[in-house]
Amino acid sequence: MLVTGLEILKKARAEGYGVGAFNVNNMEFLQAVLEAAEEARSPVMVALSEGAMKYGGRALTLLAVELAKEARVPVAVHLDHGSSYESVLKALRAGFTSVMIDKSHEDFATNVRETRRVVEAAHAVGVTVEAELGRLAGIEEHVAVDEKDALLTNPEEAKRFMEETGADYLAVAIGTSHGAYKGKGRPFIDHPRLERIAALVPAPLVLHGASAVPPELVERFRAAGGEIGEATGIHPEDIKKAIALGIAKINTDTDLRLAFTALIRETLNKAPKEFDPRKYLGPAREAVKEVVKSRMELFGSVGKA
Ligand SMILES: O=C(CO)COP(=O)(O)O
Ligand SMILES: O=C[C@H](O)COP(=O)(O)O
Ligand SMILES: [Zn+2]
Ligand SMILES: [Zn+2]
């Protein structure tokens with residue numbers, strides 16, 4: 001069933017588990033995410049970035065919304081990193097039930113003003129809103145406190161931001177970053193900061209850049225001829241700890257992309273004469289589904305639908 005993001009996330013924060021928001025760009029990813037959610041009896045958020053909406057067009061948004069309606073588990077269709085009011089309106093028109101407005105790169109007052117505008121429009125049609133405060137950047141454990149404060153989410157500001165904007169859930173910056181290169185070794189996550197934010201902000205909190213970039217997946221990608229540098233992700237224990245402290249929505253894109261592409265490479269390498277797309281997209285879709293399921297287990301959302 002198609003539900004709002006808040007409906008899913010409120011319950012998650014209250015009960016102390018996390019819900020995955022998985023980025024999709026095509027039919028195979030969408031099917032993988034929805035099938036995994038149904039098999040795991042897990043609520044889920046299907047995330048489409050502006051890039052995904054552009055690439056997949058009406059075909060993808062229509063599929064996402066209609067399949068979410070038919071799903072046997074709660075599904076929110078979510079706009080990831082909406083960059084403008086216009087972009088949010090497009091998602092609302094397409095039937096999304098959750099939108100993100102990301103004005104985190106603007107100053108505080110602009111972020112508040114632009115987020116408020118989106119909240120007014122989205123709430124008017126029953127859609128819930130994610131906003132972001134702080135800069136998503138990898139950070140070393142030993143950098144000076146004032147440098148951390150300049151980049152990462154300030155707890156008092158977060159409280160004021162949520163009160164002034166009326167946003168429903170908040171993406172926080174606590175040291176994670178997007179993509180396959182999140183910092184050396186085990187990337188530092190500022191859990192004490194998260195704890196202070198969570199004490200002041202009762203709304204569900206969101207963790208972006210949360211992919212694990214599993215070494216075995218990186219190795220598989222490499223072994224199949226893919227080129228990738230010193231890729232690192234967020235340690236599963238650091239995710240669990242963040243969920244225990246108040247993170248309710250965890251975004252994952254990179255891990256799915258890696259799995260999908262590794263499997264396509266492997267399959268084509270093994271069968272150079274193959275040119276039926278179903279023969280290599282099928283196994284790749286299956287690999288995405290397995291990653292989604294294992295993320296759901298890690299987040300504790302299995303059986304919660
Ligand atoms: O935050 C994300 C999408 O908004 C995805 O993060 P990853 O790059 O770690 O998968
Ligand atoms: O955070 C961004 C997501 O990983 C989506 O990326 P994209 O803009 O390349 O679709
Ligand atoms: Zn951002
Ligand atoms: Zn993100």
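Per-structure values
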{"read-out": "Label-point separation, E66 to S84 (7 Å along Cα→Cβ), nm", "value": "2.9"}
{"read-out": "Gaussian network model of the chain, Cα within-10 Å springs - most flexible of A21, A47, A144", "value": "A144"}
{"read-out": "Prolate/oblate/rounded call for segment 152-305, Cα gyration tensor, a/c under 1.5 rounded", "value": "prolate"}
{"read-out": "Estimated 222 nm signal from helices in the chain, with DSSP H stretches of n ≥ 4 weighted -39500 (n - 2.57), rounded to 500", "value": "-16500 deg cm²/dmol"}
{"read-out": "Segment V145-A199, length gained on full extension (0.36 nm per residue, minus Cα span)", "value": "17.4 nm"}
{"read-out": "For the chain, built as a Gaussian network whose Cα springs stay under 10 Å, the top-fluctuating residue of D190, D146, D102", "value": "D146"}
{"read-out": "Under the Karplus curve 6.51 cos²θ - 1.76 cosθ + 1.60, θ = phi - 60°, whole-Hz ³J(HN,Hα) for segment 154-164, x wherever Gly or Pro sits", "value": "8, x, 5, 5, 4, 4, 5, 4, 5, 5, 7"}
{"read-out": "Mean separation of Cα contacts under 8 Å, 6 or more apart, over the residue count of segment 87-172: relative contact order %", "value": "33"}
{"read-out": "Relative contact order of segment 5-299, pairs being alpha-carbon contacts under 8 Å that are 6 or more residues apart, as %", "value": "20"}
{"read-out": "Mean-position separation - Cα centroids, segment 16-30 and segment 182-203, in angstrom", "value": "22"}
{"read-out": "Å² of accessible area per residue within segment 5-299, as computed with a 1.4 Å probe and no ligands counted", "value": "44"}
{"read-out": "Additional length obtainable on full extension of the chain from E39 to I228, 0.36 nm per residue less Cα span", "value": "64.8 nm"}
{"read-out": "Among 126-133, 57-64, the order from most to least packed when residues are scored by Cβ within 10 Å on average", "value": "126-133, 57-64"}
{"read-out": "Rounded if a/c under 1.5, otherwise prolate or oblate - the chain, Cα gyration tensor axes", "value": "oblate"}
{"read-out": "Pairwise centroid distance, computed over Cα atoms, of segment 115-149 with segment 232-254, Å", "value": "16"}
{"read-out": "Net length gained if the chain between H191 and A271 were fully extended (0.36 nm per residue, minus Cα distance)", "value": "24.2 nm"}
{"read-out": "Rg over Rh, two decimals, segment 51-98 (C-alpha only, Kirkwood Rh)", "value": "0.96"}
{"read-out": "Relative frequency of Cα-Cα separations exceeding 14 Å in segment 120-203, percent", "value": "64"}
{"read-out": "Accessible carbon and sulfur surface of segment 48-108 relative to its total accessible area, %, 1.4 Å", "value": "53"}
{"read-out": "Of all accessible heavy-atom area on segment 127-244, the percent that carbon and sulfur account for (1.4 Å)", "value": "52"}
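The values are calculated or read from the model by the stated rules, or taken from the named source; none is laboratory data. None of the values given here were measured: they were computed from a predicted structure. Please note: Cβ atoms are built from the backbone with ideal geometry, for glycine as well, and neighbour counts cover all protein chains shown. The protein model used for the area step is the full one, side chains on, heavy atoms only, and it has no ligands, DNA or RNA in it. Shrake-Rupley method; radii C 1.70, N 1.55, O 1.52, S 1.80 Å.
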